[in-house]
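Report on the structure given below.
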Amino acid sequence: KRTKPRARSTKPNKTHAANRQSDQDSLLRSRIAALRRTLKFRQFLGASFEPVISDAEIVVCFVDVRGFTNYCRRLQQDMQDRKIQNFLKTYLKIFNEGLMAWVVKHLDDEYDKVKREIAALEEYIIPKMYKNLGDGLMMVWEIPSTLSLGEQGSLAQQIVFVIEEVQTRFYMHFRNLTPIELDSYSEEVLKLELGCGIAKGHAWRLDYGHSLDYAGSIINLASRLESRARPSGIVAHYDVSTWMFDRLVSKEQGHLVEIQDIKGYGTVRAWLGSGVDHMQKGIRPFKSPEKALISPKARPPLSRRTSKSRKER
């Protein structure tokens, strides 16, 4: 007598389902654990993204506090770390304060008469990149190609003025201090100085989506010029604004020099602001190959200059 084959049970195998669920839970836990390990490197994840690279004309500035290492060492020996923190909190404000000082002086109707050509540059005067480097700082401005040649030149000049405002704010905060301020920073703060290096040229913009960065030899040049800004002041690449630097020197404001042995560049022409020692080793003066440009309207007629010279005789 034939027996019918036993029909397979249509009920799910509870043991099999439990094992499968256990495997899925284990996989999920391992993935979450891997995510936690990955997030420990979150500060490096952005650097691994492929950036959008494009050309840019930039002005880059490096700023550094002269004597900061000795300042820290002296205070740490006396267990006065809090005073270093007080200094840094105030110091890091000078950059925004300097930018605001420029805005008020040039764009505020209540401060002075606003010049239209400068007011048109307002949106470009804010740095595209602002990177803290301990007691130093790196700032980058872009010079848009959509601006006219005159506007591009004016923007580069105004950026130098912004940096001068930053320098002014540094000495306003850390000189002529009250007894309370001296106690907050210590008298050692009076020995600190600010050095700045400025360069202008071609670079590559690295757009990571969440942040911007820049690459190019012009950035290295600005950093190396900053190292020559001793004991304090601004060292600017002559090409940032040849016309402006010629005019400043004609008014006995700063020096035009050639700096020798700049790594990767050889000899570099630069303008040294007040406070920079122009007698440093490897620095020699040079005369501008071009005369400062003067508007024809501002120049007296030839006949008047001739008559004046005759009277002087």
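The values are calculated or read from the model by the stated rules, or taken from the named source; none is laboratory data. Predicted model, so just to flag it, every value in this text is computed and none were measured. We place every Cβ from the backbone using ideal geometry, glycine too, and count neighbours over all the protein chains shown. These accessible areas exclude ligands, DNA and RNA; they are computed on the full protein's heavy atoms, side chains included. Shrake-Rupley method; radii C 1.70, N 1.55, O 1.52, S 1.80 Å.
Restricting the range 164-197 to residues that are touching a residue at least 24 places away in the same chain (Cβ under 8 Å) and among the charged types (D, E, K, R), which is surrounded by the most Cβ atoms within 10 Å (Cβ to Cβ)?
Applying the filter and picking the extreme gives ARG169.
Taking the residues in the range 7-52 that are closer than 30 Å to TYR214 by Cβ and of a type in the set (Val, Ile, Thr) as candidates, determine which candidate is modelled with the highest pLDDT.
The first filter runs over the range 7-52 and keeps only residues closer than 30 Å to TYR214 by Cβ, leaving 38-52.
From what's left, of a type in the set (Val, Ile, Thr): 38, 52.
Details: THR38: 75, VAL52: 91.
So the residue we want is VAL52.
Filter the range 127-155 for residues that are assigned to a helix (DSSP H, G or I) and not charged (D, E, K, R); which is farthest from GLY216 (Cα to Cα)?
From the range 127-155, those assigned to a helix (DSSP H, G or I) are 149-155; that's our starting set.
Now drop any that are not not charged (D, E, K, R), which leaves 149-150, 152-155.
Working: LEU149: 23, GLY150: 25, GLN152: 20, GLY153: 21, SER154: 23, LEU155: 21 Å.
Ranking the candidates gives GLY150 first.
Restricting to the range 79-93, name every residue that is within 30 Å of ILE143 (Cβ to Cβ) and either aliphatic (A, V, I, L, M) or open to solvent by 20 Å² or more (accessible area, probe 1.4 Å) (or both).
Looking only at the range 79-93, we keep the residues that are within 30 Å of ILE143 (Cβ to Cβ), and these are 91-93.
Selection gives LEU92, LYS93.
Looking at the range 56-70, I want the residues that are more than 25 Å from LEU190 (Cβ to Cβ) and have a partner that is assigned to a strand (DSSP E or B) and open to solvent by less than 10 Å² (accessible area, probe 1.4 Å) with Cβ atoms under 6 Å, at least 6 apart or on another chain. Which pairs are those?
ALA56/ALA203; ILE58/VAL140; ILE58/ALA203; VAL59/TRP141; VAL60/VAL140; VAL60/ALA199
Does LYS200 count as open to solvent by 10 Å² or more (accessible area, probe 1.4 Å), in a strand (DSSP E or B) and at pLDDT 95 or above? Reasoning before the result, please.
Details: open to solvent by 10 Å² or more (accessible area, probe 1.4 Å): yes; in a strand (DSSP E or B): yes; at pLDDT 95 or above: yes.
It is true that LYS200 is open to solvent by 10 Å² or more (accessible area, probe 1.4 Å), in a strand (DSSP E or B) and at pLDDT 95 or above.
Could you grab me the full set of residues in the range 208-236 that are part of a strand (DSSP E or B) and open to solvent by 60 Å² or more (accessible area, probe 1.4 Å)?
Looking only at the range 208-236, we keep the residues that are part of a strand (DSSP E or B), and these are 212-215, 231, 233-236.
The answer is PRO231, and nothing else.
Listed here are the residues, each with its yes/no results for (1) surrounded by fewer than 16 Cβ atoms within 10 Å (Cβ to Cβ); (2) closer than 28 Å to TRP204 by Cβ.
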residue	(1), (2)
ASP55	yes, yes
ILE58	no, yes
PHE62	no, yes
TYR71	no, no
GLN77	yes, no
MET100	yes, no
VAL104	yes, no
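Surrounded by fewer than 12 Cβ atoms within 10 Å (Cβ to Cβ) and not hydroxyl-bearing (Ser, Thr, Tyr), is that true of ASN96?
So ASN96 does not fit the description; no.
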